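Novice: Structure provided below as structure tokens; questions to follow.
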Amino acid sequence: MSKINASFLVLVFAITFSSIVYIWQADREKKEYESQIQTQQEQIAALESQIAVQPTPADVIQIGEVLGETTTATISGTIRFSKIPQTEAVIVCAREVRTEQEICVDFVLDSIKNEYDYTLDIPQGTYEVFALLPPSETKVYYSDITTCDDSGDCTSNAEKKRLLQVKQEETQSDVNLFL
């Protein structure tokens with residue numbers, strides 16, 4: 001019995017000692033983390049004060065400018081329907097491939113009109129032009145090949161799209177879309 005009591009006492013002592021060491025190490029780590037948090041909060045405050053004195057993009061960009069570039073280029077064309085769609089609107093967009101910025105125009109569809117002219121004023125860049133008929137999210141891109149059938153059902157032609165390189169003060173016309 002005394003061997004069991006001695007083993008029990010040794011076990012209790014080992015657990016108690018381990019617990020004290022663990023609590024002591026946890027407290028030391030807590031103090032280190034609190035010190036790091038304080039240092040990081042001071043760095044954040046310093047960076048925020050530096051940011052406060054920097055000019056913002058809103059201070060730099062003027063009306064008629066997008067991402068700091070003057071909108072002096074134009075894409076224009078016609079969107080034609082093989083059959084008048086059952087939706088209320090059509091959206092035509094030009095998406096700059098590097099910045100992924102989209103510039104769009106939309107038209108409320110007329111029940112007797114199957115052709116709409118559009119013009120987009122854009123900054124210079126490389127663009128993909130597409131149209132979509134809400135609520136469908138299928139994009140029909142400017143391409144040499146149409147993917148719409150005679151009944152007006154269209155599938156995406158993303159793999160066949162043509163990219164347009166537009167330079168400053170240049171007009172790309174006849175960028176026609178067929179739906």
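The values are calculated or read from the model by the stated rules, or taken from the named source; none is laboratory data. Predicted model, so just to flag it, every value in this text is computed and none were measured. Protein only, heavy atoms only, side chains kept; ligands, DNA and RNA dropped before computing areas. Shrake-Rupley method; radii C 1.70, N 1.55, O 1.52, S 1.80 Å.
Novice: Of the residues that sit in the stretch 93-129 and are in a loop (DSSP other than H, G, I, E, B) and aliphatic (A, V, I, L, M), which one is most open to solvent (accessible area, probe 1.4 Å)? Before the answer, list the steps.
Specialist: In the first step, residues of the stretch 93-129 are kept if they are in a loop (DSSP other than H, G, I, E, B); the result is 97-101, 109-114, 123-124.
Still in the list and also aliphatic (A, V, I, L, M): 97, 109, 112.
On the way: VAL97: 56, LEU109: 29, ILE112: 143 Å².
Looking at the filtered set, the residue picked out is ILE112.
Novice: Out of the residues in the stretch 52-92 that are open to solvent by 30 Å² or more (accessible area, probe 1.4 Å) and hydroxyl-bearing (Ser, Thr, Tyr), which is modelled with the lowest pLDDT?
Specialist: Of everything passing the filter in the stretch 52-92, THR70 is modelled with the lowest pLDDT.
Novice: Oh, and also: Taking the stated definitions as given, is LEU11 more than 29 Å from LYS167 (Cα to Cα) and either open to solvent by less than 90 Å² (accessible area, probe 1.4 Å) or modelled with pLDDT under 90 (or both)? Break it down stepwise before answering.
Specialist: On the way: more than 29 Å from LYS167 (Cα to Cα): yes; either open to solvent by less than 90 Å² (accessible area, probe 1.4 Å) or modelled with pLDDT under 90 (or both): yes.
Against the criterion (more than 29 Å from LYS167 (Cα to Cα) and either open to solvent by less than 90 Å² (accessible area, probe 1.4 Å) or modelled with pLDDT under 90 (or both)), LEU11 qualifies.
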